[in-house]
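Here it is: the structure, laid out below.
The values are calculated or read from the model by the stated rules, or taken from the named source; none is laboratory data. Remember, predicted model here, so these are calculated numbers, not experimental data. Glycine gets a Cβ as well: all are built from the backbone with ideal geometry, and neighbour counts include every protein chain shown.
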Amino acid sequence: MEYKIGDVVTTKKTHPCGGNRWEIVRVGADFKLKCLTCGRVVMLDSESAKKAIKSVVKDDGND
């Protein structure tokens, strides 16, 4: 699946704050994800991020 900046995704595991919805801030060799519940930003390598993401909730509408 192709992910782009601005996509909102859900993860398989919940964040310690209780949220599982994240906004993709950066895509490339690493993914930068921002928790939509608490605002924490994390970076994951692309393989780990693709494993952790369960589904895309919505995207920004830009193609």
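Find the residue count for the range 22-38, including only residues that are over 15 Å from Lys4 (Cα atoms) and within 12 Å of the chain's Cα centre (by Cα). Before the answer, list the steps.
As a first pass, look at the range 22-38 and keep what is over 15 Å from Lys4 (Cα atoms): 35-38.
Retained after the next criterion (residues that are within 12 Å of the chain's Cα centre (by Cα)): 35-36.
Of the residues in the range 22-38, 2 are over 15 Å from Lys4 (Cα atoms) and within 12 Å of the chain's Cα centre (by Cα).
Separate question: So the check is Cβ under 8 Å with 6+ separation or different chains; which pairs have a first residue in the range 6-17 that's loosely packed, with under 13 Cβ neighbours inside 10 Å and a second one that's assigned to a strand (DSSP E or B)?
Sorted first by the residue in the range 6-17, then by its partner, the pairs are Lys12/Ile53; Lys12/Lys54; Cys17/Cys35.
For the condition modelled with pLDDT of 95 or more and either touching a Leu at 6+ places or on another chain (Cβ under 9 Å) or not in a strand (DSSP E or B) (or both), what is the one hit in Glu23, Glu2?
Glu23
Among the residues of the range 26-47, which ones are β-branched (Val, Ile, Thr) and part of a loop (DSSP other than H, G, I, E, B)?
Result: Val27, Thr37.
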